[in-house]
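Worksheet for the structure shown next.
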Amino acid sequence: MNAGTETDNRDTNVDVRIGAGGEPVLGPRETRVAEVVHACHAVSIDQGLETLAIPGLTRQTLEPVLQYCASLKCIEDQVTCPGCKRRTEVQGIETLDQFILSKKEIVVGDGRVRLKGEGTETIATPCLESLAKQWSGENYWFWARRVIRKLRHGLRRAHMKGEPVAGEGETPSVILMEPQLADNIGMVARACANFGLDDLRLVNPRDGWPNEKARIAASGANYVIDDARPFEKLEDSIADLNWIAATTARQRDMRKPVLTPEQAIAEARARIARGERCGILFGRERNGLETGEVANADALIMIPVNSRFASLNLAQAVLLLGYEWMRSDAGRSLGRVTTYEKPLNEGLYMGRDRPATKEELIGLFEHLERELEANGFFNPAHRKTVVSQNLRTLLTRMNATEQEVRTLRGIVATLAQGKGKARKGPSATP
């Protein structure tokens, strides 16, 4: 759309237009389209609209704004939004070095680290790691499409409720120390639901709580998200627990037991069986747990990993501990259980079949030996005993089912006597 043109929203004052800065904007404060997309994607749509507080922008008038971004109308208008990946592409910035040079200064963290460039704009970043991941911008058009789906159809799997598999205190609490990304919290919730860890605690989550973005990433583990409890301080989150194990990839100069996941879960199970309450503490995505936080733990958990690449994704770490918890549960099942699928355990899956009886196996042996002897297989004759023993050993090792024995006998009969045309002989005509 060209500068000054309006959408069908002219009576609501939320038409997308080209602002004074050459960016797609709307509303009296010239809010950028990218800001609208980000606000509604980061949390719920209603929370985003409340935060934006743009007169006339409601659920009913939001979609045309989102469509502008989702359909890349900005290409036609030859404009871009700050923070969008399209802007770095249009500017021809292909590397982090080029991005730094395009700025006047990049302030890192508290300002003690500053990166100087050749541009005119000054920006801030919480850390160099974040800069390395986010310098190229976000695909806002993709986010806009996701928000449109939420707007039209609601949250994916929002109908899935689920329920805890154990009573309060019967599983270890999963404690996340200052989680930075709502997506990671959602993926942790999914891992918890996979392995029956029902109590999720969040210490000072960066993006606040509750967070709709976490619910989306949880992919149906809604009851874990709904029951998750936020705390301002670590001490508050562990106040009711008797035993805490802290996960770490770094060696700590602290006189504490160092346990593998298997050992830690065994200790937690033993304590829970005695009526104690236990928890597992996981660190931040960026730099894990600080030494002062680890000092609150009774033990350390260190996972066997490649010593030269020891850092795990937060959800992966929770999943590993969750797997150990479920693996040691005597009542576990392999895979899902539904109305039509019964619980499974290790070993040969028989379905509706049954193992063959010795009578059925002996019948197969004798049938096969008769046909082999009739066709001169046992030659010389004195080798028959040894060959028969070998055949019986081989077929016994199969652990055949009753159906498999019948199938094998049908094969032997067909090969020996022929079937259909073969049984009538070579002179048979169609």
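The values are calculated or read from the model by the stated rules, or taken from the named source; none is laboratory data. What you see is a predicted model; the values in this text were computed from it and never measured. Don't worry about glycine lacking a Cβ; one is built from the backbone with ideal geometry, like all the others, and counts go over all protein chains shown.
Only a single item in (1) farther than 18 Å from Ala317 by Cβ; (2) in contact with a helix residue (DSSP H, G or I) (Cβ under 7 Å, 6 or more places away or on another chain) is not met by Gly196, and it is number (1).
For region 184-217, which residues satisfy the criterion of being within 18 Å of Pro172 (Cβ to Cβ), touching a residue at least 60 places away in the same chain (Cβ under 8 Å) and among the hydrophobic types (A, V, I, L, M, F, W, C)? Result: Val188, Ala191, Cys192, Phe195, Leu197.
Within the option set Asp240, Asp226, being over 15 Å from Leu314 (Cα atoms) and assigned to a helix (DSSP H, G or I) holds for one residue only, Asp226. Restricting attention to region 292-313, the residues that are within 13 Å of Asp253 (Cα to Cα), among the small types (Gly, Ala, Ser) and surrounded by 13 or more Cβ atoms within 10 Å (Cβ to Cβ) total 1. Note on region 76-98: among residues that are of a type in the set (S, T, N, Q) and part of a loop (DSSP other than H, G, I, E, B), the one that is surrounded by the most Cβ atoms within 10 Å (Cβ to Cβ) is Thr80.
Screening the candidates Leu57, Leu49, Leu96 for the property of being under 24 Å from Ser136 (Cβ atoms), at pLDDT 90 or above and aliphatic (A, V, I, L, M) yields one hit, Leu96.
Pro205 versus (1) at pLDDT below 90; (2) crowded, with 17+ Cβ neighbours inside 10 Å; (3) more than 30 Å from Asp329 (Cα to Cα): which is the lone unmet condition? Condition not satisfied by Pro205: (1). Within region 365-381, residues that are among the aliphatic types (A, V, I, L, M) have Cβ atoms under 6 Å from residues that are surrounded by 10 or more Cβ atoms within 10 Å (Cβ to Cβ) in these pairs: Leu368/Val412, counting only partners at least 6 apart in sequence or on another chain. Only a single criterion out of (1) at pLDDT 70 or above; (2) assigned to a loop (DSSP other than H, G, I, E, B); (3) of a type outside the set (Gly, Ala, Ser) is not satisfied by Ile362, namely (2). Restricting attention to region 243-275, the residues that are in contact with a strand residue (DSSP E or B) (Cβ under 6 Å, 6 or more places away or on another chain) and part of a loop (DSSP other than H, G, I, E, B) total 3. Within region 229-243, restricting attention to residues that are out of contact with any Cys (no Cβ under 9 Å at 6 or more places or on another chain) and either touching a residue at least 40 places away in the same chain (Cβ under 8 Å) or under 8 Å from Gly186 (Cβ atoms) (or both), which residue is surrounded by the most Cβ atoms within 10 Å (Cβ to Cβ)? Filtering region 229-243 for residues that are out of contact with any Cys (no Cβ under 9 Å at 6 or more places or on another chain) and either touching a residue at least 40 places away in the same chain (Cβ under 8 Å) or under 8 Å from Gly186 (Cβ atoms) (or both), the one surrounded by the most Cβ atoms within 10 Å (Cβ to Cβ) comes out as Ser237.
Determine whether Gln67 is assigned to a helix (DSSP H, G or I), surrounded by fewer than 16 Cβ atoms within 10 Å (Cβ to Cβ) and touching a residue at least 40 places away in the same chain (Cβ under 8 Å). Spelling it out, Gln67 is indeed assigned to a helix (DSSP H, G or I), surrounded by fewer than 16 Cβ atoms within 10 Å (Cβ to Cβ) and touching a residue at least 40 places away in the same chain (Cβ under 8 Å). Beta carbons closer than 6 Å, at least 6 apart along the sequence or on distinct chains, pair a first residue in region 27-50 that is touching a residue at least 60 places away in the same chain (Cβ under 8 Å) with a second that is among the acidic types (Asp, Glu) for Val43/Glu212; Ser44/Glu212.
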